[in-house]
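Heads up: the structure comes next, in structure tokens.
The values are calculated or read from the model by the stated rules, or taken from the named source; none is laboratory data. None of these values were measured; they are calculated from a predicted model. Note: ideal-geometry Cβ built from the backbone for every residue, glycine included; neighbour counts use all protein chains shown. In case anyone asks, the SASA skips ligands and DNA or RNA and just uses the protein heavy atoms, side chains included. Shrake-Rupley method; radii C 1.70, N 1.55, O 1.52, S 1.80 Å.
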Amino acid sequence: MLLDIKNLRTTFDIHVGKVQAVRGVDLCVREGETVGIVGESGCGKSVSMLSVLHLLPDYARVSADQMIFDGTDLTQLTPKMFRKISGDQIGMIFQDPMTSLNPLFTVGQQLTEPLIIHKGMSKTAAREVVLEKLRMVEIPDPESRMKQYPHELSGGMRQRIMIAMAIMCNPRLIIADEPTTALDVTIQAQILDLLAGLQKKLGTAVIMITHDLGVIAGMCRRVLVMYGGVVVEEGSVREIFYEPKHPYTWGLLRSIPQKSGERKKLVPIPGSPPDLIAPPPGCPFVARCPYAMNICNQALPELTPLSDTHCARCYLLCEGAPKVTWEEGRA
Ligand code: SF4
């Protein structure tokens, strides 16, 4: 197992209280595997990964029973030891490359820096590696691009630069946080193709954070569905798309456009996500769930195993509960 996280919890201390953004997430990623994390904005998907990378502000409190990366417990490392692993072996692609790249430095300066710091390379050697990576991400005329500032490049080109930055030190794991959200549809497709190609070529494991189920279907083998700071369903892409068991997953699937010619109304999920300063004591989806029962208000349901790879957190899966199927749920 490359990454094995148990009971990750992240809280933000703010003036009105403690925001419980991540409430006990377990996540495993194998070598070379692509795992998707999907859910609405504010469900905790990005915060959980930023917690792993120590990229949250000082007022965030992160704890976990374990956070093992390639045999090393990340919770036991000093900041210096952690920086060495995170910069070297875990690459991150952020959502908006315009705000992630430094506008005051050229692309070349920003790309050579990690090689000089993490690999101890000379400027000349680092430049050669950067040129090679820019070619891998299909940047035309890389020598000229290295001299340019981020604002001189298009959105798609900037995202390619971010991908080049993420693979610069040949990481074992890439975390891609909504890597295509800020791009138009045709560029989105190019960037996803590029990421899939690189993942195949380099054998890097990828965690894909997205609210777009189309991206999950095209890129991932396994999916975690998050809601209200917890994982509500986990399974293979096939299980999540064809045998979903959680009413929130049903809602997500109902709200994506169909490819077929038939005109089908998109069904939004009514209501809004829970307030994570005072999350409901029971199921986080209770206020929006059409199948909610009394017990759903009382305690958070456990994850019910459904197969070796599939589990869901819902009282409908308990013995004696009313039988509601995905087919009825989507009718
Ligand atoms: Fe709905 Fe209850 Fe299942 Fe939550 S536990 S999704 S409220 S039925």
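Scanning the range 168-182 for residues that are within 17 Å of the chain's Cα centre (by Cα) and open to solvent by less than 60 Å² (accessible area, probe 1.4 Å) gives Pro171, Leu173, Ile174, Ile175, Ala176, Asp177, Glu178, Pro179, Thr180.
Set side by side, the residues Val225, Val286, Val232 differ, and just one is in contact with a Lys or Arg (Cβ under 7 Å, 6 or more places away or on another chain), of a type in the set (A, V, I, L, M, F, W, C) and either within 11 Å of the ligand (Cβ to nearest atom) or more than 19 Å from Ala321 (Cα to Cα) (or both), which is Val232.
Rundown of residues vs (1) open to solvent by 10 Å² or more (accessible area, probe 1.4 Å); (2) within 29 Å of Asp70 (Cβ to Cβ); (3) not hydroxyl-bearing (Ser, Thr, Tyr), yes/no style:
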position	(1), (2), (3)
Val137	no, yes, yes
Met146	yes, no, yes
Arg160	yes, yes, yes
Arg222	yes, yes, yes
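Yes or no: Lys245 in a loop (DSSP other than H, G, I, E, B) and within 15 Å of the ligand (Cβ to nearest atom)?
It is true that Lys245 is in a loop (DSSP other than H, G, I, E, B) and within 15 Å of the ligand (Cβ to nearest atom).
Among residues of the range 300-320 being more than 16 Å from Tyr227 (Cβ to Cβ) and open to solvent by less than 60 Å² (accessible area, probe 1.4 Å), the one that is nearest to the ligand (Cβ to nearest atom) is Cys318.
Against the conditions (1) open to solvent by less than 40 Å² (accessible area, probe 1.4 Å); (2) touching a residue at least 24 places away in the same chain (Cβ under 8 Å), Thr112 satisfies every one except (2). Looking at (1) exposed (fewer than 15 other Cβ atoms within 10 Å of the Cβ); (2) within 15 Å of the ligand (Cβ to nearest atom); (3) not in a loop (DSSP other than H, G, I, E, B), find the lone condition where Pro270 falls short. Among (1) exposed (fewer than 15 other Cβ atoms within 10 Å of the Cβ); (2) within 15 Å of the ligand (Cβ to nearest atom); (3) not in a loop (DSSP other than H, G, I, E, B), Pro270 violates only (3). Just a yes or no: is a residue in the range 240-252 open to solvent by 30 Å² or more (accessible area, probe 1.4 Å), within 30 Å of Leu198 (Cβ to Cβ) and in contact with a Leu (Cβ under 8 Å, 6 or more places away or on another chain)? Yes, some residue in the range 240-252 is open to solvent by 30 Å² or more (accessible area, probe 1.4 Å), within 30 Å of Leu198 (Cβ to Cβ) and in contact with a Leu (Cβ under 8 Å, 6 or more places away or on another chain). Scan the range 176-190 and give yes if some residue there is among the hydrophobic types (A, V, I, L, M, F, W, C) and modelled with pLDDT of 90 or more, otherwise no. Yes.
You will find that of Ser41, Ser48, the residue that is open to solvent by 30 Å² or more (accessible area, probe 1.4 Å), among the small types (Gly, Ala, Ser) and within 17 Å of Val231 (Cβ to Cβ) is Ser41 and no other. When residues in the range 203-220 are screened for being touching an Asp or Glu at 6+ places or on another chain (Cβ under 8 Å), open to solvent by less than 10 Å² (accessible area, probe 1.4 Å) and under 21 Å from Pro257 (Cα atoms), 2 of them pass. When restricted to residues that are farther than 19 Å from Glu234 by Cβ and under 12 Å from the mean Cα position of the chain (by Cα), the range 1-48 contains 1. Counting only strands (runs of 3 or more DSSP E) that sit completely within the range 32-120, those holding 3 or more residues that are farther than 18 Å from Met165 by Cβ and in contact with a strand residue (DSSP E or B) (Cβ under 8 Å, 6 or more places away or on another chain) correspond to 34-38, 60-63, 66-69.
With respect to Phe94, determine if the residue is under 22 Å from Leu198 (Cβ atoms) and either touching a residue at least 40 places away in the same chain (Cβ under 8 Å) or open to solvent by less than 60 Å² (accessible area, probe 1.4 Å) (or both). Yes: the conditions hold for Phe94.
So, Gly87, is that one of a type in the set (Gly, Ala, Ser), in contact (Cβ under 8 Å) with a residue 40 or more places away in the chain and more than 30 Å from His15 (Cα to Cα) or not? In short, yes. Considering only residues in the range 273-283 that are near the ligand (Cβ under 10 Å from one of its atoms) and over 23 Å from the mean Cα position of the chain (by Cα), the one that is most open to solvent (accessible area, probe 1.4 Å) turns out to be Pro280. If the condition is being of a type in the set (Gly, Ala, Ser) and crowded, with 23+ Cβ neighbours inside 10 Å, then the range 26-38 contributes only Gly36.
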